[in-house]
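What follows is a set of notes on a single structure, which appears directly below.
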Amino acid sequence: MKVPFEQYADAYRHVRMRREDGILELTLHSDGGPLRWGDGPHSELGHCFADVAADRDNRVVIITGAGDRFISGLDDSWVGTMTPELWSRIFHNGHRLLLNLLDIEVPVIGVLNGPARVHAEIGLLSDIVLASDRAEFADSPHFRAGAVPGDGVHVVWPLLLGPNRGRYFLLTGQRISAAQALDLGVVNEILPHGTVLDRAWEHARDLARQPDTTLRYARAAITGSLRRSLRADLTAGLALEGLGAHGSWPDGSAPTGPAVVR
């Protein structure tokens with residue numbers, strides 16, 4: 001059921017929204033500054049994307065971060081003793097995060113406005129991906145911190161980089177610069193820092209000239225393989241990540257670092 005924009009526009013603590021002429025800009029943030037990943041964003045974003053998808057007045061969506069980073073880092077304060085109840089919540093929210101993002105029925109433009117070493121895939125799953133020349137990509141919260149990379153990164157990065165490069169990236173902690181990401185086809189354009197969002201609005205206005213049906217059917221056509229891949233492998237990946245968390249810390253305690261932080 002559609003939720004009116006006025007009802008969900010201010011409903012999420014970590015998402016600032018503005019909409020002009022059917023173009024919806026989502027800015028991920030923590031208290032107005034760069035987003036720090038933790039329980040709040042992990043719990044909110046899947047629900048936010050569902051509201052965005054249900055509102056047929058949204059014709060193009062832009063996703064960016066606040067300040068000079070796409071996501072600034074990790075807040076591990078929400079991770080205490082690993083219990084079945086805690087992992088059930090992580091599983092529930094993690095399962096919906098990327099699937100609901102891909103269920104947005106109109107074109108999505110990702111603006112990687114700076115370093116994205118935590119959940120960069122939120123921006124990289126966009127149909128058009130623009131990056132600041134200061135952007136950098138890595139998968140910091142998982143394998144190198146003792147966690148199984150099973151919450152979708154195990155699907156997304158091998159698709160973006162190719163199977164061998166993707167597995168290497170996840171296991172070694174490799175960092176990829178904006179220039180390397182462009183060469184590898186991970187991003188579509190690199191722009192001077194501070195100009196990326198303006199370029200996104202140029203693309204969005206151009207896309208929005210198409211009829212609603214063209215926008216929606218094009219999005220469905222070009223994201224079908226991504227949605228099928230995630231639906232096929234995300235549940236098992238999350239389950240393996242949960243098993244890995246229990247297996248690595250037999251007493252049930254979570255690490256103090258980012259290993260199981262989303």
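Values as computed for the structure displayed
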read-out: Subset of the range 204-238 that is without any contact (Cβ under 8 Å) to a residue 40 or more places away in the chain and under 18 Å from residue 57 (Cβ atoms) - its residue that is most open to solvent (accessible area, probe 1.4 Å); value: 209
read-out: Wholly enclosed strands (runs of 3 or more DSSP E) of the range 1-93 bearing at least 2 residues farther than 30 Å from residue 239 by Cα and among the charged types (D, E, K, R); value: 15-20
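The values are calculated or read from the model by the stated rules, or taken from the named source; none is laboratory data. Quick caveat, the model's predicted, so the values are computed rather than measured. Positions of Cβ are generated from backbone atoms using ideal geometry, with glycine treated the same way; all protein chains shown enter the neighbour counts. The area values use the complete protein model at the heavy-atom level, side chains included, leaving out ligands, DNA and RNA. Shrake-Rupley method; radii C 1.70, N 1.55, O 1.52, S 1.80 Å.
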